[in-house]
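For reference, the structure is listed below as structure tokens.
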Amino acid sequence: MTPVFLRTLSAGALLLAGILTAMPPERASAQDAGALQINWEVRNRFRLFREERDFLLHVENARNRSILAAEQSLELQSEGRGWARNMVNRLCIDLQGRVNQPCTRDNTKENYLTPIDHPVTVRLVGAVPVGATCAWSFDDGDGPQQSTFDCAEPINLRVRYGKQTVATVDVSSGSDPTQRVQTEIQVRDIFVAGLGDSIASGEGNPDRPLALSDEGFCFRSYLGTAGAQYYRPSRHGFKGGRACEAPDTLANWQRYSALWFNSPCHRSLYSYQTRTALALAVRYTHIAVTYLPLACTGASIGDGLLGSQRARECPPGKTGVCNTSVNAQVAELREALTAAKKRQPDRTLDLVLLSVGANDVYFSGLVADVIVETATERALFRRSGVTASVDDSRDALARELPQNFVKLREALKPLVGGDLSHVVYVSYANPALADGGVPCRGGRAGFDIHPAFNADPQRLARVSTFVDTEFLPQLKGLATCSRGALCRDPEADRMTFVDAHQAAFADHGFCAHSGNDPEFDRSCFAENGQSFNPDIVSAASQPMLCGRGASEYRAYLPRARWIRDANDSYFAAMTYPQGLPAASQPTDIHDATWGVLSAVYGGAVHPSAEGHAAMADAALPAASAVLGLDAVPPGVTRGFLPQLLPSAKQ
């Protein structure tokens with residue numbers, strides 16, 4: 001920019017200040033209504049997405065909608081196949097969980113954790129004269145970039161991270177006075193990390209759900225007799241042995257598995273943490289969101305957040321040795337922050353989304369205790385520690401969880417600058433409520449995927465009461481330093497707490513039904529718990545009693561239940577957990593252990609994509625408030641160039 005241009009800008013700004021000061025309020029208001037302004041927004045501002053088309057799909061579906069309504073719209077658009085099924089291969093984090101450094105986003109290489117610039121689009125809006133010409137200048141202190149275009153054309157450029165860029169446009173139209181408009185562009189890149197357990201990771205919602213075969217696949221039961229076999233739908237494309245007498249390799253079977261953007265931890269794009277981070281980017285056009293998902297299914301505070309844990313599955317495409325261990329989430333986050341600060345010393349962690357504590361009180365064991373009915377399986381699972389009683393959980397809630405929270409707070413405080421209000425703790429919802437808070441009755445409906453399953457009404461009622469009256473209130477106390485929680489400095493140790501979604505879930509537990517549920521569900525998932533063909537001869541070719549093909553099931557369609565039941569878990573994910581200890585690994589894919597685990601390891605009694613969207617709707621206002629994103633943006637400077645005003649010509 002030449003010295004003359006700088007002097008003109010300065011004179012124009014001074015003159016404009018006098019004009020606006022002297023202008024009557026009514027006139028100023030009327031002029032503002034159609035006044036020229038510079039609008040700008042960050043393009044593809046959810047930086048996990050490599051391609052802008054994926055971000056724009058969410059922008060379009062979010063217009064005047066909640067996150068839940070947007071999810072339901074996307075589910076219908078995809079005919080229940082899910083919007084993430086193709087996006088999962090277009091991320092800045094690969095399927096092994098590694099951040100791509102650099103990541104090529106929209107044909108430009110960017111450092112994911114420490115961007116040096118951001119793409120923005122700038123437009124002139126308001127009463128733009130038809131055919132007007134715009135002379136643009138963008139100056140970040142190192143000299144201006146200048147160009148001239150028709151004023152109807154948007155301008156795409158990249159602005160430097162951490163620096164303010166002054167955007168100036170001179171608008172010329174025929175004999176009318178040239179108008180100058182100016183604004184400041186500075187992108188705020190928000191660093192968000194997701195930590196926690198299966199509720200945080202998105203368990204139950206594979207990015208690309210399983211494709212089911214209409215034919216049956218044989219499982220044995222623990223009874224071990226010749227007649228102790230049953231058939232359930234097979235995986236589409238699997239050509240190996242489907243009969244129990246025709247074993248096949250796990251490697252062959254796994255080629256047709258569901259796909260997660262991180263299989264060892266079952267991280268999903270549908271998780272409330274991803275949806276919250278994405279919603280921040282969709283809603284606020286002047287920010288970019290750098291999101292680092294670290295939550296892992298099965299995590300507790302000790303084993304998962306502060307220490308390593310076992311993986312759920314091996315990453316796809318791997319053969320031979322399976323790495324069954326997952327690094328501690330806090331250590332991974334600390335390492336990422338250290339690396340980022342080496343490149344950008346002022347880089348900070350702005351927000352942590354967190355849900356943890358359920359595994360510390362053996363919640364999966366409570367679920368197993370509720371749904372496993374037959375004596376043989378109950379005895380086996382109790383002996384191996386798979387099931388837990390309410391008394392077991394109550395004891396852990398009183399003795400272990402408070403101490404674990406103390407350790408977690410101390411580990412997180414240095415990462416967020418000592419202020420734990422930047423940790424947004426999103427609580428759980430009771431999964432066993434419907435009809436405005438009435439506990440589910442129990443039974444085999446939704447759980448008849450395995451012959452040993454039956455949600456016992458008495459045990460279910462005890463667990464539901466424990467969750468409502470003891471577990472959830474205690475979690476709130478621990479997160480907010482109330483109810484006698486051990487907090488050294490309550491003001492600094494108090495997390496931002498979110499539980500507004502719990503009221504909505506009271507109508508949408510795993511037993512909720514509606515006449516608007518998918519037709520396949522209404523026809524084929526029987527309320528009497530008799531959905532599958534018990535005859536092992538005919539079930540080999542037709543396992544569903546409804547006579548329809550299992551391939552018609554759609555994991556991502558709107559449903560009354562926002563909690564996956566065991567049938568949903570099998571039909572969407574059918575997970576064979578490779579991360580089990582070697583001694584627990586079955587040698588045969590028809591083994592009874594696989595039969596049980598394939599029905600629950602893919603997300604039974606976890607929120608569906610709709611449930612996660614409802615959680616994100618609750619978390620978004622809290623995250624926005626912590627980040628201060630609703631502050632009033634700076635005003636726009638505008639006016640006529642002084643040399644073209646009548647007073648300047650005289």
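Scan the range 497-538 for residues that are closer than 20 Å to Tyr553 by Cα and in a strand (DSSP E or B) and jot them down.
Phe532
Would you confirm whether any residue within the range 373-388 is under 28 Å from the mean Cα position of the chain (by Cα) and part of a helix (DSSP H, G or I)?
no
Give the residue that is nearest to the chain's Cα centre (by Cα), with candidates limited to residues of the range 527-558 that are open to solvent by less than 30 Å² (accessible area, probe 1.4 Å) and hydrophobic (A, V, I, L, M, F, W, C).
Ala555
For Lys341, all conditions in the list (1) touching a strand residue (DSSP E or B) at 6+ places or on another chain (Cβ under 8 Å); (2) without any contact (Cβ under 8 Å) to a residue 24 or more places away in the chain; (3) under 29 Å from Thr496 (Cβ atoms) hold save one; what is the number of the exception?
Tallying (1) touching a strand residue (DSSP E or B) at 6+ places or on another chain (Cβ under 8 Å); (2) without any contact (Cβ under 8 Å) to a residue 24 or more places away in the chain; (3) under 29 Å from Thr496 (Cβ atoms), Lys341 fails exactly one: (1).
Of the conditions (1) open to solvent by less than 10 Å² (accessible area, probe 1.4 Å); (2) within 23 Å of the chain's Cα centre (by Cα); (3) of a type in the set (A, V, I, L, M), Leu401 fails just one. Which one is it?
For Leu401, the exception is condition (2).
Given Val361, Val352, which one is surrounded by 15 or more Cβ atoms within 10 Å (Cβ to Cβ), at pLDDT 95 or above and within 18 Å of Gly194 (Cα to Cα)?
Criteria check complete, one pass: Val352.
Scan the range 559-575 and report the pairs whose first residue is under 8 Å from Gly603 (Cα atoms) and surrounded by 24 or more Cβ atoms within 10 Å (Cβ to Cβ) and whose second residue is modelled with pLDDT of 95 or more and polar (S, T, N, Q), with Cβ atoms within less than 7 Å and a gap of 6+ or a chain change.
Matching pairs, first to second residue: Arg564/Ser608.
Could you check Arg123 against (1) surrounded by fewer than 20 Cβ atoms within 10 Å (Cβ to Cβ); (2) touching a strand residue (DSSP E or B) at 6+ places or on another chain (Cβ under 7 Å); (3) of a type outside the set (Ser, Thr, Tyr); (4) within 29 Å of Arg347 (Cα to Cα) and say which number it fails?
(4)
Report, by residue number, each residue of the range 91-113 that is open to solvent by 40 Å² or more (accessible area, probe 1.4 Å) and either under 30 Å from Phe520 (Cα atoms) or of a type in the set (D, E, K, R) (or both).
Arg98, Asp106, Lys109
Condition (residue is in a helix (DSSP H, G or I), within 25 Å of Trp562 (Cβ to Cβ) and not hydroxyl-bearing (Ser, Thr, Tyr)) applied to the range 87-98: is it met by at least one residue?
The answer is yes, given that some residue of the range 87-98 is in a helix (DSSP H, G or I), within 25 Å of Trp562 (Cβ to Cβ) and not hydroxyl-bearing (Ser, Thr, Tyr).
So which residues in the range 61-84 are assigned to a helix (DSSP H, G or I) and in contact with a Leu (Cβ under 8 Å, 6 or more places away or on another chain), if there are any at all?
Initial filter on the range 61-84 (assigned to a helix (DSSP H, G or I)): 61-62, 67-77, 84.
The answer is Asn61, Ile67, Leu74, Glu75, Leu76, Ala84.
Can you tell me which residues in the range 518-561 are among the charged types (D, E, K, R) and farther than 30 Å from Ala504 by Cα? Lay out the reasoning, then the answer.
Pass one, the range 518-561, residues among the charged types (D, E, K, R): 519, 521-522, 527, 535, 548, 552, 554, 559, 561.
Residues satisfying the conditions are Asp535, Arg548.
Out of curiosity, is Leu475 open to solvent by less than 10 Å² (accessible area, probe 1.4 Å), outside any loop (DSSP other than H, G, I, E, B) and closer than 30 Å to Tyr570 by Cβ?
Here the answer is yes, as Leu475 does meet what is asked.
If you take the residues in the range 424-472 that are open to solvent by 60 Å² or more (accessible area, probe 1.4 Å) and hydroxyl-bearing (Ser, Thr, Tyr), which one is nearest to Arg522 (Cα to Cα)?
Selected residue: Thr465.
So the check is Cβ under 9 Å with 6+ separation or different chains; which pairs have a first residue in the range 145-169 that's under 24 Å from Ile287 (Cα atoms) and in contact (Cβ under 8 Å) with a residue 40 or more places away in the chain and a second one that's outside any strand (DSSP E or B) and of a type in the set (D, E, K, R)?
Asn156/Arg43; Val159/Asp140; Arg160/Asp140; Arg160/Asp142; Gly162/Asp346
Can you find, within the range 498-526, the residue that is farthest from Leu76 (Cα to Cα) among those that are open to solvent by less than 40 Å² (accessible area, probe 1.4 Å) and touching a Ser or Thr at 6+ places or on another chain (Cβ under 7 Å)?
The extreme case among them is Val498.
Can you report the number of residues in the range 413-469 which are part of a loop (DSSP other than H, G, I, E, B) and of a type outside the set (Ser, Thr, Tyr)? Steps first, please.
So in the range 413-469, the residues part of a loop (DSSP other than H, G, I, E, B) come out as 417-419, 427-432, 435-437, 440-442, 444-452, 454, 456.
Pick out the ones that are also of a type outside the set (Ser, Thr, Tyr) and you get 417-419, 429-432, 435-437, 440-442, 444-452, 454, 456.
Adding up the residues that qualify gives 24.
Is it the case that Ile116 is under 20 Å from Asp350 (Cβ atoms) and open to solvent by 60 Å² or more (accessible area, probe 1.4 Å)?
The answer is yes for Ile116.
Residues of the range 210-266 being in a loop (DSSP other than H, G, I, E, B), open to solvent by 70 Å² or more (accessible area, probe 1.4 Å), in contact (Cβ under 8 Å) with a residue 40 or more places away in the chain and in contact with a Phe, Trp or Tyr (Cβ under 9 Å, 6 or more places away or on another chain), which ones?
His236
So Asp493 fits all but one of (1) within 26 Å of the chain's Cα centre (by Cα); (2) modelled with pLDDT of 95 or more; (3) open to solvent by less than 10 Å² (accessible area, probe 1.4 Å); what number is the exception?
Among (1) within 26 Å of the chain's Cα centre (by Cα); (2) modelled with pLDDT of 95 or more; (3) open to solvent by less than 10 Å² (accessible area, probe 1.4 Å), the lone unmet condition for Asp493 is (2).
Quick check: anything in the range 107-123 over 30 Å from Leu292 (Cα atoms) and either assigned to a strand (DSSP E or B) or touching a Cys at 6+ places or on another chain (Cβ under 8 Å) (or both)?
Yes, the range 107-123 contains a residue that is over 30 Å from Leu292 (Cα atoms) and either assigned to a strand (DSSP E or B) or touching a Cys at 6+ places or on another chain (Cβ under 8 Å) (or both).
The conditions are (1) at pLDDT below 95; (2) part of a strand (DSSP E or B), and Lys163 fails exactly one of them. Which is it?
Of the numbered conditions (1) at pLDDT below 95; (2) part of a strand (DSSP E or B), the odd one out for Lys163 is (2).
If only one of Asp150, Asp176, Asp207, Asp170 is over 30 Å from Arg347 (Cα atoms), surrounded by fewer than 18 Cβ atoms within 10 Å (Cβ to Cβ) and at pLDDT 95 or above, which one is it?
Asp150
Right, Ala452: farther than 29 Å from Tyr362 by Cβ and of a type outside the set (Asp, Glu) or not? Give the derivation first.
Values: farther than 29 Å from Tyr362 by Cβ: no; of a type outside the set (Asp, Glu): yes.
No, not satisfied.
The values are calculated or read from the model by the stated rules, or taken from the named source; none is laboratory data. In this text the structure is predicted, and so the values were computed from the model without any measurement. Using ideal geometry, Cβ is built from the backbone for each residue, glycine included, and neighbour counts are taken over all protein chains shown. The protein model used for the area step is the full one, side chains on, heavy atoms only, and it has no ligands, DNA or RNA in it. Shrake-Rupley method; radii C 1.70, N 1.55, O 1.52, S 1.80 Å.
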